[in-house]
Structures are given as C-alpha cells and as structure tokens.
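Peer 1: Could you have a look at this structure, given as structure tokens, before my questions?
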Amino acid sequence: MDENAVREIITHTLEISDTEPDASQEKQWDSMAHVALLVALDTAFEGKLANVEELQDAYSLENIVAVLRKHGLLS
Amino acid sequence: MRILDIEYCLGRQQESDGSLKADNPTWDMQSLTEKTGVRVRHIAGADETALSLAVKAGDRLLSRFDRESIDGLVYVTQSPDSTIPATACLLHQQLRLPGKAFAFDLNQGCSGFVYGLGVAASLLELGQMERSLIICAETYGKYIEKGDRTCRPIFSDGASAVLLGKSGKGSIGPFIYQTDGTGAPNLTLKKSAQNPGKDVLFMDGPRVLMFTMSAVPKAVVHLLQRANMSIDDIDLFLFHQASRVVLDNIRRSVNIPEERFIRCLEDVGNTVSSTIPIALRKAMDAGEMRNGLNVLLMGFGVGYSLAGCILRT
C-alpha cells in the first residue's frame, strides 16, 4: 500500500477529485465523512488501523500519509 | 434464567430523509443513508418524554403478566425526567408495580441494556426474587440540533421493556464490562452555540469510532474466553446498533458471517440503550430466536462504556 493508493481511497470515499485532498479545502470532509474514511482505510489495511489513534485527527492526505509512515504501514 | 418477553415503543414523530433534507438542503441524503444505515428516525413528540415512552413500553409488556409478580425495576436512561427522586420511582408508580419491588435508575447509554441485564440477573441469582423488569428509555432527540450532521441522521427516541425471569430454560452470562473515562468528552452534552443555555449532544464521530474499532473486537475475545467458547459456538451476534459503518467494521474485524450478524437499524435508528432489546424483539417476531441458541450481546459507546454477555435461549 503506497501514497497513491491512500489518495485513491480518500478521493473515492469522499467523492472528491483533489490530488492533494485536505479537509480545510473540502466542505464535505466533515466529522461524518471522516468516520467513513477511517473505516475505508481500515478495510484497505486489513484491520491494522484499529489502534492508530492519530488518524482520528488526520484530516488531509499529507497528515494521513505521515501517520501511516510513522507506523510502518506504507511502502 | 431467561428473558420472558420484550416490548418497545418509539417516538411518535417519524423523520424521513426528506425531513432532514428540508431542514438541511446541502446534505447529500443518499450518501448519509449509506453511511448510517438509517432511513427513518423516530422522535419524541412535544408531549412525550423518556418516562412516558417507558410507561408505554412497560404497560404493553405487563398487559401479559401479573404486575404483582414483578420483584424489581432497573430503569436505564440518560434522559431522566427526574433526578431527585430517581425516575425509576415515578415509573414504578405509573406501572402500578407492587411496593415490594426495588426500583432504581441506571445512568448508562449504549452499554446500558447489557449493564441493566447484568445487574438484574445478579439480583435474581441471589435468590431473593423471581422477576425483574429492565426498562431502557432515551430521548436524545431533545438534545440534537437540526443542523447536526453527525448526530441527527442516526439517533431515534424510544423505550424498551424486558422481563427477566429466574426460572425456565436458558441462561444469561458470563458478563464482561469495560470503562474508559478518557472518552467522556467525545460523546457528551455541551452548551449550544446557537441557543445559549441549551444543552446539546456533541459526538466526536472519529474518536468514538476509533474506540469501537479498538475495544469491541478485543472485548469479544475476552467474553468468549470467559465463556470458554469460540466464535463458532455463537449462533447470533447482536451488537449495539450504532450505525452501519460501525456495524460493518465490527463484523469484518471479528470475522462474523453475515447470516449470524443481527442488523436492526434501517427503520428504527439508534435508540441508544434500546437498540439491543428492540433488535431481540424483532428477531423473536421473525422466528429467529428459537430455543437452544447462544447469542452474544454487546453494547458500547458513551462513557466510554462497554458491556457484553452470552445469552443462551
């Protein structure tokens, strides 16, 4: 799983087209949308994200990728 | 020990996707419904309270039983009509229960029914009494603002009444409990910014989800270990009906076959402590709750609080 795959999960789940998705620029990326995104990411990562609490505050591709790299989950 | 009967009562006003869209034109209701799994919400009328809904559910159930046979009442609510005295005392009076019966409030939400079941079952197990009511009732709707996209699409107002009896086939237990007060700020009442002085429900969805994702699968393992059982020994799994995304995540994480996973959200909504008893009632009506089944029940959420048990029918 790499950064491009994460980008695709974000844009597909949130139905947005931004190449560098960021909640500050996307009105529909609110708390409810973030819940759906966390579930989609956890599914893609086969359940490995249940204890990665920092993701609850990661509202951009950049932040999500940084958290996943920190936990050794990105190739 | 077994559950003898269940009844429930939902808030009088029905809110469809159209109602929510009318109040919030920018909401994508199709997308919201896909995530929440809720198509119809039930909201208490202006003249309805958690207590009045509890009385209706209780009366429906007690129409089939001798009220003098009731030894106790556990009233589960976070929408109390009274704090001093306990609303359970008012409910006891309005249900015309005998004076010998105990009655107390139990302030828990999503885990509340299993908590109530645990307390009532323990009291019956002591051998001092034969039958106890567990009545759950919530009107979270009174705390939710019209434009709250996190809470409004999900929650419904409702009450459930369960009668627990000591005699008969079946058993209830073991139980497990879990508490994490660090999660308290993530699902709570706060002062409204729009209506000063009014308490409104606040839920940090992502944080509550992460708690669920982390705690529930581990709790299932813990409960099964305590029961000396495996996933394969459980015929039906019934979790608190929080929302579709939460249920889907639990089912996938615990690896539960869909045919053994009870869902009851679409036309009811999240009634907080009543989601499990309402789902049990509907499963009974559908003929799914025959004798001899092992059913895993687990409530989780506000607190944070979690409670689970094995019910053998």
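The values are calculated or read from the model by the stated rules, or taken from the named source; none is laboratory data. Since the structure is predicted, the reported quantities are computational estimates derived from the model, not experimental observations. In this analysis, Cβ positions are derived from the backbone assuming ideal geometry, glycine residues included, and neighbour counts consider all displayed protein chains. Heads up: the accessible areas ignore ligands, DNA and RNA and are worked out on the full protein's heavy atoms, side chains in. Shrake-Rupley method; radii C 1.70, N 1.55, O 1.52, S 1.80 Å.
Peer 1: Based on Cβ point charges of +1 for Lys and Arg and -1 for Asp and Glu, what charge dipole magnitude is obtained for chain B about its Cα centre, in debye rounded to the nearest 20?
Peer 2: Numbers: 34 positive and 34 negative charges, 38 e Å.
Computed about the Cα centre, the dipole is about 180 debye.
Peer 1: Once you average over the residues of B:202-213, how many Cβ atoms of partner chains fall within 10 Å of each Cβ? Please list the in-between numbers first.
Peer 2: Values: counts 0, 3, 5, 9, 14, 6, 3, 10, 12, 3, 1, 10.
Averaged over the peptide's residues, the number is 6.
Peer 1: Got a sec? Charge dipole of region B:205-257, +1 on Cβ for Lys and Arg, -1 for Asp and Glu; which of B:Phe211, B:Leu224, B:Asn255 is way out at the positive end?
Peer 2: Of the candidates, B:Phe211 comes out farthest on the positive side.
Peer 1: Mind checking which of B:Tyr304, B:Gly147, B:Gly292 is farthest towards the positive end of the protein assembly as shown's charge dipole, using Cβ charges of +1 (Lys, Arg) and -1 (Asp, Glu) about the Cα centre?
Peer 2: Sorting the options by dipole projection puts first B:Gly292.
Peer 1: Next question. Could you check the spin-label model distance between B:Asn195 and B:Thr26? Points 7 Å from the Cα along Cα→Cβ, value in nm.
Peer 2: Using points 7 Å along Cα→Cβ, the separation is 2.2 nm.
Peer 1: Which distance in Å, rounded to a whole number, links the C-alpha centroids of region B:167-208 and region B:129-164?
Peer 2: Here the answer is 12 Å between Cα centres.
Peer 1: Here's a follow-up. How big is the antiparallel share of DSSP beta bridges in chain B, given as a percent to the nearest 5? Please report the intermediate quantities before stating the final value.
Peer 2: Numbers: 39 of 55 bridges.
Roughly 70 percent of the beta bridges in chain B run antiparallel, per DSSP.
Peer 1: Just add up the charged neighbours of B:Ala227: K/R +1, D/E -1, any other residue whose Cβ is under 12 Å from the Cβ of B:Ala227.
Peer 2: Net of charged neighbours comes to +1.
Peer 1: Also: Treating only the Cβ atoms of Lys and Arg (+1) and Asp and Glu (-1) as charged, compute the dipole magnitude of region B:196-261 about its Cα centre; round to the nearest 20 debye. Walk me through the numbers before you get to the answer.
Peer 2: Working: 8 positive and 8 negative charges, 53 e Å.
With Lys and Arg at +1 and Asp and Glu at -1, about 260 debye.
Peer 1: Report the A-B buried area as the accessible area lost on both sides summed, probe 1.4 Å, in Å² to the nearest 100. Intermediate values should be presented prior to the final figure.
Peer 2: Working: alone 4670 and 13120 Å², together 16060 Å².
The buried area between A and B, both sides summed, comes to about 1700 Å².
Peer 1: Within the set of other residues whose C-beta is less than 13 Å from the C-beta of A:Met1, count the net charge using Lys and Arg as +1 and Asp and Glu as -1.
Peer 2: Details: positive: A:Arg7, A:Lys48, A:Arg69; negative: A:Asp2, A:Glu3, A:Glu8, A:Asp42, A:Glu46.
Here the charged neighbours net out to -2.
Peer 1: Just give the residues from region B:2-49 buried by at least 40 square angstrom of accessible area in the all-chains context relative to the isolated chain, probe 1.4 Å, and say none if nothing qualifies.
Peer 2: Residues passing the criterion (a loss of at least 40 Å², heavy atoms only) are B:Lys35.
Peer 1: Right, next: If you count only protein heavy atoms with a 1.4 Å probe, what accessible area per residue comes out for region B:271-313, rounded to a whole Å²?
Peer 2: Values: 1140 Å² over 43 residues.
Accessible surface, normalised per residue, equals 26 Å².
Peer 1: I've got another one for you. Over chain B, what is the mean sequence separation of C-alpha contacts under 8 Å (at least six apart), divided by residue count, expressed as relative contact order in percent?
Peer 2: This gives 26 percent for chain B.
Peer 1: Using helices alone, I'd like the mean residue ellipticity at 222 nm for chain B: each DSSP H run of four-plus residues gives -39500 (n - 2.57), total over residue count, nearest 500. Intermediate results must be reported in sequence, preceding the final value.
Peer 2: Values: 8 runs with 95 residues, N = 313.
Estimated from H runs of four or more residues: -9500 deg cm²/dmol.
Peer 1: What whole number of Å gives the distance from the Cα centroid of region B:78-118 to the Cα centroid of region B:235-281?
Peer 2: Going from one Cα centre to the other spans 25 Å.
Peer 1: Please compute the net charge surrounding B:Asp285, taking Lys and Arg as +1 and Asp and Glu as -1 over other residues with Cβ under 14 Å from its Cβ. Let's see the in-between values first.
Peer 2: Values: positive: B:Arg60, B:Arg281, B:Lys282, B:Arg290; negative: B:Asp5, B:Glu7, B:Asp267, B:Glu288.
Residues close to B:Asp285 contribute a combined charge of 0.
Peer 1: Can I ask one more? With +1 assigned to the C-beta of every Lys and Arg and -1 to the C-beta of every Asp and Glu, and no other charges, what is the dipole magnitude of the protein assembly as shown about the Cα centre in debye, to the nearest 20? Mind dumping the intermediate values first?
Peer 2: On the way: 39 positive and 49 negative charges, 260 e Å.
Using only the charged Cβ atoms, the result is roughly 1240 debye.
Peer 1: Given only helices, namely DSSP H runs of n ≥ 4 each adding -39500 (n - 2.57), what is the per-residue ellipticity at 222 nm of chain A, to the nearest 500 deg cm²/dmol?
Peer 2: On the way: 3 runs with 36 residues, N = 75.
Dividing the helical sum by the residues of chain A leaves -15000 deg cm²/dmol.
Peer 1: Starting from the Cα gyration tensor of region B:105-257, take the square roots of the eigenvalues, sort them a ≥ b ≥ c, and report rounded, prolate or oblate (rounded when a/c is under 1.5, otherwise prolate if a/b is larger than b/c, else oblate). The partial results should precede the final answer.
Peer 2: Values: a/c = 2.30, a/b = 1.41, b/c = 1.63.
Oblate shape, in that a/c is at least 1.5 and b/c is the bigger or equal ratio.
Peer 1: Next up: Could you tell me which of A:Leu55, B:Ala50, B:Tyr75 has its Cα farthest along the dipole of the protein assembly as shown towards the positive end, charges placed at Cβ (Lys, Arg +1; Asp, Glu -1), taken about the Cα centre?
Peer 2: Of the listed residues, the answer is B:Tyr75.
Peer 1: So, one more: Taking a probe of 1.4 Å, how large is the accessible area per residue of region B:1-123, in Å²?
Peer 2: 41 Å²
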